[in-house]
């Protein structure tokens, strides 16, 4: 597989990132606002599966150190890597082609993103290296129609990157995207979501999800259908991590914003999968910053009270 990859230097990706900045240059005044900051954080990935006959559960535990550089006007550069602590999955296919070969340190994400509005339409454009070992460009759209209903869409053109045995990039020619709608019931802080799409691994399908938002956590039940593996379902849990009262400095050291735990009944790892463009992206916060989009769970009391450092 890697032998068929086209080898590229770093110049094309740097050109892509610089091109994105030239198309929509940051506002100089906004870049000097007090909200400009550099965050260094780390989270935890915990995975388990019960498909082995030799032990009840196979475990996977990894640290996820990362950073976010907010430089005003909703511009952001973000990155993440993985540091394996325990890996009992021993998946030879995954180890060979997806960055896990003979080392506990693995590159995860590095991209540039910009949030902005076009009338009533919220947009987020990203370029760089994303999760799911994809690189390329991505656009997310969100259109609130009412306080209780909104449309959403995501689409991108990506290629596969691998660090197994050296850098390799496949041609950036795979399109993936989803489109759907969201209903938010403010009395119970419940979100109903449904999407259809064509996904990263050349499959297509649909998914429905019911999310209940609590004070510092969100729990969802979901079901999906896929043209390759038929029906599946499970649950997802997001817990926002303390401290909930934080001082905002130019450079901040903190835990990751959330801990994410998914569970799937059929353990289909390669279906209904879309990449993330933010190392802390989660179903509770959605795609957009709270100060930009006031809809859904963003209308609840914020998880984090951030006080500027005097």
Worksheet entry | Residue satisfying all of: in the stretch 78-103; surrounded by fewer than 17 Cβ atoms within 10 Å (Cβ to Cβ) and at pLDDT 75 or above; farthest from residue 258 (Cα to Cα) among these | 88
Discussion item. Condition (residue is modelled with pLDDT of 95 or more and either on the phi > 0 side of the Ramachandran plot or outside any strand (DSSP E or B) (or both)) applied to the stretch 151-171: is it met by at least one residue?
Written reply: no
Worksheet item: Tell me, which residue of the stretch 283-306 that is outside any loop (DSSP other than H, G, I, E, B), modelled with pLDDT of 95 or more and touching a strand residue (DSSP E or B) at 6+ places or on another chain (Cβ under 6 Å) is surrounded by the fewest Cβ atoms within 10 Å (Cβ to Cβ)?
Response: 297
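For (1) part of a loop (DSSP other than H, G, I, E, B); (2) in contact with a helix residue (DSSP H, G or I) (Cβ under 8 Å, 6 or more places away or on another chain); (3) farther than 22 Å from residue 277 by Cβ, each residue gets a yes or a no:
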| position | (1), (2), (3) |
| --- | --- |
| 179 | no, no, no |
| 183 | no, no, yes |
| 192 | no, no, yes |
| 195 | no, no, no |
| 208 | no, no, yes |
| 215 | yes, no, yes |
| 218 | no, yes, no |
| 224 | no, no, no |
| 233 | no, no, yes |
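The values are calculated or read from the model by the stated rules, or taken from the named source; none is laboratory data. All values derive from a computational prediction rather than experimental measurement. Please note: Cβ atoms are built from the backbone with ideal geometry, for glycine as well, and neighbour counts cover all protein chains shown.
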